[in-house]
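Structure, as structure tokens:
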Amino acid sequence: MTGLDERKAALRALLKGQMPADPEAASRSAQERLLQSGLLPATGVIALYRALPSEVRTHLLAGALLARGATLCWPRVAPGRVLEFRRAGTSWTRGPLRVEEPDGELVPLPLIEWMVVPAQAADLRGHRLGRGKGYYDATLLAFPGRSVTLLFDLRVVAEVPSGVNDRRVDALCTESRLVMVAQ
């Protein structure tokens, strides 16, 4: 394990189990804040994620964006490190990373305008900490669009350790604020 990997693992360990007092309310507030910000296009192609218990949910966001006319897609683990994105389709199955994955039509990465990504932590410079497998990092490096991470306030930290393979997000949104990151 490199020094960078050790620092990331230490931050993950520090944050493990830390959740807002009411995670559902905080999750709802973060989604509403992102919707009300006008950041995401009403009719564009937007990639979301299916949340794990420690992450901000996206179900309210998905419903509202669909009602506005957006095209939505979700990640699916594919061969290699870059995630592929698919529309919802007819069923969801639990993938190799324990996240529900759709079986719908493939959406090429260049067609996605905004990617909403999960994070274990993020800093105000846009560095995000994922779960450690590197799928989102590889995907963000190949992604030509813009990205925003949804996370809880208590997971915004002073500094996320980052290296050459880490790409910053363009914005972060929590239950109390939306921060645009200077690139």
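Among the residues making up region 65-103, those that are open to solvent by less than 30 Å² (accessible area, probe 1.4 Å) and either at pLDDT 90 or above or in contact with a helix residue (DSSP H, G or I) (Cβ under 9 Å, 6 or more places away or on another chain) (or both) are Leu65, Ala70, Leu72, Cys73, Trp74, Pro75, Leu83, Phe85, Glu101, Pro102. Taking the conditions (1) modelled with pLDDT under 95; (2) under 14 Å from the mean Cα position of the chain (by Cα); (3) open to solvent by 30 Å² or more (accessible area, probe 1.4 Å) in turn, Leu52 satisfies each one other than (3). Do the conditions hold for Arg28, that is, is it under 19 Å from Cys173 (Cα atoms) and either modelled with pLDDT under 95 or not β-branched (Val, Ile, Thr) (or both)? Yes; evaluated as a whole, the condition is true for this residue.
Go through region 137-183 and give me each residue that's open to solvent by less than 10 Å² (accessible area, probe 1.4 Å), over 20 Å from Leu52 (Cα atoms) and not in a loop (DSSP other than H, G, I, E, B). Answer for region 137-183, where residues must be open to solvent by less than 10 Å² (accessible area, probe 1.4 Å), over 20 Å from Leu52 (Cα atoms) and not in a loop (DSSP other than H, G, I, E, B): just Ala171. Can you say whether Gln36 is open to solvent by 60 Å² or more (accessible area, probe 1.4 Å) and without any contact (Cβ under 8 Å) to a residue 12 or more places away in the chain, as far as the supplied structure shows? Yes; evaluated as a whole, the condition is true for this residue.
The values are calculated or read from the model by the stated rules, or taken from the named source; none is laboratory data. From a predicted model like this one, the values you see are computed outputs, not experimental measurements. In this analysis, Cβ positions are derived from the backbone assuming ideal geometry, glycine residues included, and neighbour counts consider all displayed protein chains. Protein only, heavy atoms only, side chains kept; ligands, DNA and RNA dropped before computing areas. Shrake-Rupley method; radii C 1.70, N 1.55, O 1.52, S 1.80 Å.
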